[in-house]
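Written out below as structure tokens is the structure these notes cover.
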């Protein structure tokens, strides 16, 4: 299968956890109802099934059948529990991508930063911990490449229940910040270089005069 | 004497009461067999009687436990309740007093005489041996398990021998069938077939070859062939046995192989059909062999120091190469940046992406992860202190940590920014270095240039003892070379620092001004 030389395709996605405090229904062993998910971040409720064949979530060993496989979007696992732990997320790609599965890890977050022990939590507003990242396929196979390029981003037929709580991404603000920083750095550099030039000229002058 | 033996009761029970009460006390005074020294002193007994006491008949439970049993055991003993040894013992004891009755083994561990009974009991006393005697089975004969084979003293001849010598050896009958008639080890009598020639062949084939510097006489060649046959072409041995004027191993080999080659080629009809023969296929390269052996001995003779030296040099070279590559990459980036910036002065335009950044090996990777690790690598490459400065600066720009939305544009811009910051820091360092240099030169100029400047400096300095410190001041000023030079250098550096401060950066204190003004030495008047 030929590969596209020097080409790359990137798929933006977001993954993380969204956790609701169960309020009155909370027990010692199940105080929070949480969902770990993987979703497309390109557009609202994006359907990733053109790239992703299945997602395997690895929960804590204390859960029954800790390895949960989800083969169709939304790629989510919802559980109840009381503790925070590392969840492994293995993303399996469609066979024509001919790539190894990608392994991610994410810490389940049940409490806000700075949450005091015993302080009450809202049952309506969830605690969301999400990470945005892009999967870059370097020199992808031709069929895969063309399929991805021709794909039109579609929202899910049945949107996920937690979708309203999840953040949306826009990189324009960050680009602006970085560019501002670069501009400043460039200015500094130019100034410093000018100074270095001046001092070096003096040094040369002194040296030249003496020797 | 009868008195010594004691009352009939005592004699029977084997006990003797020390108490001198003739009627016997009630309850009876009991004295342990192993009387304490005090009692002993009061009633000395003969050694024989003491031994007699301890003797008892063979029946009865083992008495060694006695030592730890305390008072009750004594009572039982006297009354003869425990196994009836008391009554029997008495008789036997008495009877045995005269004659030694060694039927019973003496208790192996007797209480040492100086110790009291209780103390002895504490040590564990005379216990029966708990360990089974290990040597029980050693001298037993092993059971014969296997079949016995008949061995025969047999005469044999070996086909490997040429003289027909008859020797004899022990041989196992059933194995004889396997071995066959010949001597078993005659099969190993292999010899190499060395090329042979007669006079005519020699003259025809070999002498034609004999050109060149190395002349081999017929005699030498014959000797060589004979040795080869004798020693199975083991050249080292042949070389050792070489009788004639000295030849090296390589020379011997060369001569043998060239002779063999020539002979083989002349004998066969078609040279090509012999081309598989090893002598023909692989020709002996005299010079190459000498070099090879020299190289081999050199390689074997390398000391550990040399090996490590080489390793270090290689590592150093690799490092230098890496550094040079990085430098080249950064310089190119810098050049591209400058070119790009010159092209579009507009800050909105996208800045040139970094091309030389290392891409991961995997076919697929996460851009955010890659950006983070690459940034960390760059920072680490710059040095520990620089890494901290870079982080600090990023924080000031509001870009702490890796970007939260690592799209292609963002990641590349972020990494380019990191590279630029590192370069800026390097320029700062360079500036500091150059300024130090300048200041040093200025000092030298001042020191050489005459006495004016120190005086000027003195007046300028708030030392307060101007006239007095004249002579002393000179020497002091000689020390305080930072005075005027420091001031002069302060201006450009200060301007630099001020400008840096305007940009919101902390200043990297250039060492020229960092040299603290040394405190004025105390003048005697102060």
Of (1) surrounded by fewer than 10 Cβ atoms within 10 Å (Cβ to Cβ); (2) modelled with pLDDT of 85 or more; (3) within 30 Å of residue B:230 (Cα to Cα), residue B:202 satisfies all except one. Which?
(1)
Considering the range B:268-317 alone, what residues qualify as being out of contact with any helix residue (DSSP H, G or I) (no Cβ under 8 Å at 6 or more places or on another chain) and assigned to a loop (DSSP other than H, G, I, E, B)?
B:269, B:270, B:276, B:282, B:285, B:301, B:302, B:303
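In this structure, is residue A:196 in a helix (DSSP H, G or I) and either surrounded by 13 or more Cβ atoms within 10 Å (Cβ to Cβ) or at pLDDT 85 or above (or both)?
Values: in a helix (DSSP H, G or I): yes; either surrounded by 13 or more Cβ atoms within 10 Å (Cβ to Cβ) or at pLDDT 85 or above (or both): yes.
For residue A:196, the condition - in a helix (DSSP H, G or I) and either surrounded by 13 or more Cβ atoms within 10 Å (Cβ to Cβ) or at pLDDT 85 or above (or both) - is met.
Being more than 7 Å from chain B (Cβ to nearest Cβ) and under 22 Å from residue B:414 (Cα atoms) is the filter here, so list the residues in the range A:176-195 that pass it.
Going through the range A:176-195, the residues more than 7 Å from chain B (Cβ to nearest Cβ) turn out to be A:176, A:180, A:187, A:190, A:194.
Within the range A:176-195, A:176, A:180, A:187, A:190 meet the criteria.
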Output the residues belonging to the range A:141-154 that are under 21 Å from the mean Cα position of the chain (by Cα) and at the interface with chain B (Cβ under 10 Å from one of its Cβ atoms).
none
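In the range B:333-350, which residue that is assigned to a loop (DSSP other than H, G, I, E, B) and farther than 25 Å from residue A:11 by Cβ is modelled with the highest pLDDT? Don't jump to the end; show me each part of the working.
We begin by selecting, within the range B:333-350, every residue assigned to a loop (DSSP other than H, G, I, E, B); these are B:344-350.
Still in the list and also farther than 25 Å from residue A:11 by Cβ: B:344-349.
Details: B:344: 52, B:345: 48, B:346: 46, B:347: 43, B:348: 42, B:349: 41.
Looking at residues that are assigned to a loop (DSSP other than H, G, I, E, B) and farther than 25 Å from residue A:11 by Cβ, I get B:344.
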Filtering the range A:121-140 down to residues that are away from chain B (no Cβ under 14 Å) and assigned to a loop (DSSP other than H, G, I, E, B) yields A:121, A:122, A:123, A:124, A:125, A:126
Just the residues that are farther than 18 Å from residue A:89 by Cα and part of a loop (DSSP other than H, G, I, E, B), please, taken from the range A:39-49.
A:42, A:43, A:44, A:45
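How many residues does the range A:95-111 contain that are within 12 Å of chain B (Cβ to nearest Cβ), more than 17 Å from the chain's Cα centre (by Cα) and surrounded by fewer than 17 Cβ atoms within 10 Å (Cβ to Cβ)?
If we filter the range A:95-111 for residues that are within 12 Å of chain B (Cβ to nearest Cβ), which is where we start, we get A:97-105.
Now restrict to residues that are more than 17 Å from the chain's Cα centre (by Cα): A:97-100.
Still in the list and also surrounded by fewer than 17 Cβ atoms within 10 Å (Cβ to Cβ): A:98, A:100.
Final tally of qualifying residues: 2.
Which of the residues spanning the range A:80-91 are within 20 Å of the chain's Cα centre (by Cα) and not in a loop (DSSP other than H, G, I, E, B)? Even if it seems obvious, please write down each step before you answer.
Step one: filter the range A:80-91 for residues within 20 Å of the chain's Cα centre (by Cα), giving A:84-91.
Answer for the range A:80-91, where residues must be within 20 Å of the chain's Cα centre (by Cα) and not in a loop (DSSP other than H, G, I, E, B): A:86, A:87, A:88, A:89, A:90, A:91.
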For the range B:403-437, enumerate the residues that are surrounded by 20 or more Cβ atoms within 10 Å (Cβ to Cβ), more than 7 Å from chain A (Cβ to nearest Cβ) and more than 20 Å from residue B:328 (Cα to Cα).
B:411, B:432
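Each row is one residue, and each column tells you yes or no for (1) modelled with pLDDT under 90; (2) surrounded by 12 or more Cβ atoms within 10 Å (Cβ to Cβ); (3) touching a helix residue (DSSP H, G or I) at 6+ places or on another chain (Cβ under 6 Å).
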residue: B:226; (1), (2), (3): no, yes, no
residue: B:231; (1), (2), (3): no, yes, yes
residue: B:236; (1), (2), (3): no, no, no
residue: B:243; (1), (2), (3): yes, no, no
All positions within the range B:166-199 that are closer than 23 Å to residue B:233 by Cβ, out of contact with any helix residue (DSSP H, G or I) (no Cβ under 8 Å at 6 or more places or on another chain) and surrounded by 13 or more Cβ atoms within 10 Å (Cβ to Cβ)
B:186
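Test residue A:118 against the criterion of being over 20 Å from the mean Cα position of the chain (by Cα), more than 14 Å from every other protein chain (Cβ to nearest Cβ), loosely packed, with under 13 Cβ neighbours inside 10 Å and at positive phi, and give yes or no. Break it down stepwise before answering.
Working: over 20 Å from the mean Cα position of the chain (by Cα): yes; more than 14 Å from every other protein chain (Cβ to nearest Cβ): yes; loosely packed, with under 13 Cβ neighbours inside 10 Å: yes; at positive phi: yes.
So residue A:118 fits the description; yes.
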Could we say that residue A:173 is free of Cβ contacts under 8 Å to residues at least 24 places away in the same chain, more than 7 Å from every other protein chain (Cβ to nearest Cβ), closer than 30 Å to residue A:41 by Cα and surrounded by fewer than 20 Cβ atoms within 10 Å (Cβ to Cβ) here?
yes
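Using the structure shown, decide if residue A:11 is buried (at least 18 other Cβ atoms within 10 Å of the Cβ) and in contact (Cβ under 8 Å) with a residue 12 or more places away in the chain.
The answer is yes for residue A:11.
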Which one is surrounded by the fewest Cβ atoms within 10 Å (Cβ to Cβ), of the residues in the range B:382-402 that are within 12 Å of chain A (Cβ to nearest Cβ) and part of a helix (DSSP H, G or I)?
B:395
Being away from chain A (no Cβ under 12 Å), surrounded by fewer than 20 Cβ atoms within 10 Å (Cβ to Cβ) and touching a helix residue (DSSP H, G or I) at 6+ places or on another chain (Cβ under 7 Å) is the filter here, so list the residues in the range B:359-381 that pass it.
B:380, B:381
With the condition kept exactly as written, say whether any residue in the range A:99-118 is more than 14 Å from residue A:16 (Cβ to Cβ) and touching a helix residue (DSSP H, G or I) at 6+ places or on another chain (Cβ under 9 Å).
yes
Could you please let me know if residue A:77 is in contact with a helix residue (DSSP H, G or I) (Cβ under 8 Å, 6 or more places away or on another chain) and either assigned to a strand (DSSP E or B) or crowded, with 20+ Cβ neighbours inside 10 Å (or both)?
no
Given the structure, is residue B:442 within 12 Å of chain A (Cβ to nearest Cβ), part of a helix (DSSP H, G or I), at pLDDT below 85 and over 43 Å from the mean Cα position of the chain (by Cα)?
yes
Scan the range A:50-74 residue by residue and report those that are more than 14 Å from residue A:17 (Cα to Cα) and in a strand (DSSP E or B).
A:52, A:53, A:54, A:55, A:56, A:67, A:68, A:69, A:70
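The values are calculated or read from the model by the stated rules, or taken from the named source; none is laboratory data. Computed from a prediction, not measured in an experiment: that's the story for all the values here. In this analysis, Cβ positions are derived from the backbone assuming ideal geometry, glycine residues included, and neighbour counts consider all displayed protein chains.
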